[in-house]
Structures are given as structure tokens and as C-alpha cells.
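> Mind looking over this structure? Questions follow.
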Amino acid sequence: MKLTVQNNKIFAATGGRVLAPELPLVIFLHGSGMDHTVWNLQTRYFAFHGYSVLAIDFPGHGRSEGLPLESIEQMADWIPELISAAIGASGSGLECASLVGHSMGALVALECAARYPEKVRALCLMGVSAKMAVHPVLLEAALKDDPIAYDLVTSWGHGPAGHLGRTPVPGLSLIGGGRALLSSAPKGALGVGLTACDAYQNGMSAAGKVRCSTLCIIGSDDKMTPPRNGMELASAISKAKFHLIQDCGHMMMLENSDESLKALKENFRNVETEQVVPAS
């Protein structure tokens with residue numbers, strides 16, 4: 001479906017189901033230079049198990065209009081408008097959504113929850129670190145739309161298992177698929193996203209302001225956001241837990257989609273249990 005946000009048409013995948021006003025809303029936020037397709041498994045599952053789902057393409061990414069937003073803070077301020085547009089489209093009386101973010105999308109979700117606590121019901125942060133410094137070689141290549149940037153991201157973004165072709169889907173090439181996705185992105189998307197991640201310095205401050213239930217999913221072999229960084233961030237959030245996926249790199253929702261989905265399912269099951277109001 002398409003939603004109008006800040007006068008741009010924004011594409012969002014719904015997992016094969018229409019938005020239902022009576023169901024809680026979960027929004028999936030992709031990383032730099034990527035799009036909604038990285039969430040195909042997760043959106044499909046939750047859409048058929050009691051949730052309204054949106055996996056969006058950020059402005060200037062995938063099938064969405066507009067220019068890429070240039071900072072994590074700008075993207076975080078954009079999310080409440082997206083939530084309002086989604087709620088308006090579904091006719092829901094809800095005023096908030098749960099956010100699932102990966103990498104850049106995780107920073108956006110974190111900052112949004114800190115700025116707009118009334119809009120965020122729960123958080124799941126995947127491949128996350130309070131600071132995401134980007135190697136100068138990668139940043140320079142991405143800003144030039146040099147194809148070497150796609151090779152660097154896919155190489156550093158996958159753990160040994162991903163490089164060796166160990167995937168839940170026989171014959172699927174994570175490295176080849178990742179490179180194809182990045183190379184098909186609109187010009188400038190990867191460079192702007194990586195620049196935003198590199199410049200963001202508010203992670204720990206934002207973490208201290210988050211009050212909703214939070215899960216950090218961490219890959220043991222993540223070279224982009226090392227496990228210790230994700231654990232440090234989780235420790236700074238008052239209601240956070242972390243789930244460590246062994247033998248997995250930065251792209252955990254693809255590298256180990258089964259365990260990633262299992263962690264998400266358990267997390268949202270706990271959120272629903274915690275937020276049930278006892279009958280008086």
C-alpha cells in the first residue's frame with residue numbers, strides 16, 4: 001500500500017493482509033540503502049498472527065517518493081507522521097505502534113521512542129549500537145555510489161555462516177542478494193543513510209529516555225555493530241532485554257531468519273501479556 005507522509009507517497013508492505021483497525025500495529029524499519037524486502041518473512045508471519053503490519057521504504061528508498069532524510073533525528077521526527085497516516089488509513093482508534101528496526105532503522109526507532117514515548121508501544125532493535133561509526137573507505141565509496149560500497153556492506157554485514165551459504169532457504173545467496181538489493185537502490189540512498197548513522201551521537205542519551213518494553217537482538221559475529229555495543233545499549237534502557245544469536249552477523253533477519261523470528265514472537269507475546277489490563 002501507499003501512504004502520504006509529508007506530501008510524498010510512501011510504500012509499505014503489509015504482509016499480504018489489509019490493515020485491521022482492531023489489531024495492534026507493528027512497523028518495520030530497514031537499514032541504510034535497503035528496503036522493505038528484508039522483512040519479507042517477519043511481516044508475513046505477524047500479519048497472519050494478530051497484527052497489522054507495515055514494512056516501509058524510507059523516503060528516497062525502494063518504491064517511496066522523496067529524497068532520503070539526512071539524519072537519524074529527521075527520520076525519528078518523520079515516524080509519528082507515518083504512524084498517523086497508517087492509523088488514518090486503517091480507521092484505527094489506536095494512537096501508537098510497535099517499532100522493529102534494523103541498523104539505521106534501529107537508531108531511528110530508538111530516537112523516536114525517546115522523543116515521542118506516547119507514539120511507541122514497544123521496541124525491537126536489531127543489529128544496533130549507540131554509535132555506528134562507518135569506516136571512511138566505505139563512507140567515501142557510498143557517497144560516490146561506487147559499486148565497491150555494495151561489496152563492502154555485504155561482506156562486513158554477514159558473518160561466516162552467511163559467507164559460506166548457510167541459509168534456511170536452499171540455493172539462496174545472501175551475499176549476491178544483498179549486493180543486488182543495494183545496487184538497485186536509488187542513487188544516494190546508501191551514502192545518505194551511512195552518513196546519518198556515522199553522525200549520530202545521541203544513542204546513550206536516547207536509551208536513558210526510553211520507557212517502553214525493548215528487545216535488542218544481537219549477532220555474535222556482527223562486525224558492524226559488535227555484540228558488546230548492543231549489550232551496552234540494552235543495559236542503558238530501563239525495560240530492555242537482549243537476545244544473542246550465535247554464529248550470526250549483522251543481517252540477522254536474513255542470516256538466521258528462524259531464530260530472529262522466534263525472538264520477535266516471544267518478545268511481542270511478552271508485550272501483550274504485560275499490557276493486558278486485569279478486569280476490575
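The values are calculated or read from the model by the stated rules, or taken from the named source; none is laboratory data. Since the model is a prediction, treat every value here as computed from it, not as a measurement. When we count neighbours, we look across all protein chains shown, and the Cβ atoms used for this are built from the backbone with ideal geometry, even at glycine.
> If the requirement is being surrounded by fewer than 22 Cβ atoms within 10 Å (Cβ to Cβ) and in contact (Cβ under 8 Å) with a residue 60 or more places away in the chain, which of these qualifies: L94, L107, L99?
Exactly one of L94, L107, L99 is surrounded by fewer than 22 Cβ atoms within 10 Å (Cβ to Cβ) and in contact (Cβ under 8 Å) with a residue 60 or more places away in the chain, namely L94.
> Can I ask one more? Going by the structure shown, is A142 hydrophobic (A, V, I, L, M, F, W, C) and modelled with pLDDT of 95 or more? Working first, answer last.
Values: hydrophobic (A, V, I, L, M, F, W, C): yes; modelled with pLDDT of 95 or more: yes.
Answer is yes for this residue.
> Same structure, new question: Would you mind listing the strands (runs of 3 or more DSSP E) fully within segment 1-104 where at least 1 residues are within 23 Å of R179 (Cβ to Cβ)?
By residue number, 8-13, 25-29, 52-56, 97-102.
> For H158, state whether it is modelled with pLDDT under 95 and either farther than 26 Å from I245 by Cα or within 18 Å of the chain's Cα centre (by Cα) (or both).
yes
> Scan I175, I148, I217 and give me the residue that is in contact with a Ser or Thr (Cβ under 8 Å, 6 or more places away or on another chain) and without any contact (Cβ under 8 Å) to a residue 24 or more places away in the chain.
Exactly one of I175, I148, I217 is in contact with a Ser or Thr (Cβ under 8 Å, 6 or more places away or on another chain) and without any contact (Cβ under 8 Å) to a residue 24 or more places away in the chain, namely I175.
> Just to be sure before I move on: is D221 surrounded by 17 or more Cβ atoms within 10 Å (Cβ to Cβ) and of a type outside the set (V, I, T) in the structure I sent?
yes
> Go through segment 165-280 and tell me which helices (runs of 4 or more DSSP H), entirely inside it, have 2 or more residues that are touching a Gly at 6+ places or on another chain (Cβ under 6 Å). Steps first, please.
Working: elements: 174-183, 189-199, 203-209, 227-235, 252-255, 257-274.
In segment 165-280, the matching helices (runs of 4 or more DSSP H) lie at 174-183, 189-199, 252-255.
> Something else: Give the number of residues within segment 9-46 that are over 13 Å from the mean Cα position of the chain (by Cα) and among the aromatic types (F, W, Y).
3
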